[in-house]
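Some notes on the structure that comes next.
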Amino acid sequence: MTPVLVDTGFLVALFEPADALAASAATYLKEHRHRLVATTATVVEACFFLRPGAKADLLAWIRRGGMSVLEVPAAAYAQLETTLRKYADQEIDFADAALIWLAGETGATQVLTVDRRDFEIFRLKGGRRFDVIEWF
């Protein structure tokens, strides 16, 4: 089964109760049972926006199997560099470039994100598009 990619905004909503999308993120997870995957960069970026307790909750959730996390190998950095240059006008960050790489590695096209505009612009191998999941 092809996994669903997880972007930073979804994780922040899921672990920050004060976030306007917190209830939507929790409801989405209760109603959908598919494998979730992200990169370490996504987790690091999410932790930047979370309070200390929420950071720990995120890591505990991942440890319990809530989501798989893959490391981007240094060998993939040339591909990420190309992606960062290609979408520089969109102010793409490393975490988003890493998700584009991960999509290519896993074949996943579905993504949980709050950045619909960006992920509708980004292209995958063969010109394929991301399928942004409606969760809020």
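Amide H to amide H, with H built 1.01 Å from N, residue 70 comes under 5 Å of 38, 39, 40, counting only residues 5 or more places away or on other chains. In order along the stretch 12-22, the Karplus-derived 3J(HN,Hα) couplings, from 6.51 cos²θ - 1.76 cosθ + 1.60 at θ = phi - 60°, round to 4, 4, 5, 10, 10, x, 7, 5, 4, 9, 4 Hz, and Gly and Pro are given as x. Taking amide H as placed 1.01 Å from N in the peptide plane, residue 4 has its amide H under 5 Å from the amide H of 35, 36, 37, each at least 5 places away in sequence or on another chain. Principal-axis analysis of the Cα atoms of the chain puts helix 77-86 at an angle of about 80° to the longest axis. Against the chain, whose longest principal axis is taken from its Cα atoms, helix 52-63 shows a tilt of about 70°.
Quick check: net charge around residue 3, other residues with Cβ under 11 Å of its Cβ, Lys/Arg +1 and Asp/Glu -1? In short, 0. Counting only alpha carbon atoms, the long axis of helix 40-49 and the longest principal axis of the chain meet at about 50°.
Only the coordinates and a few stated rules stand behind these numbers; no lab work does. Quick caveat, the model's predicted, so the values are computed rather than measured. Neighbour counts are summed over all protein chains in view; Cβ atoms, including those assigned to glycine, are modelled from backbone coordinates with ideal geometry.
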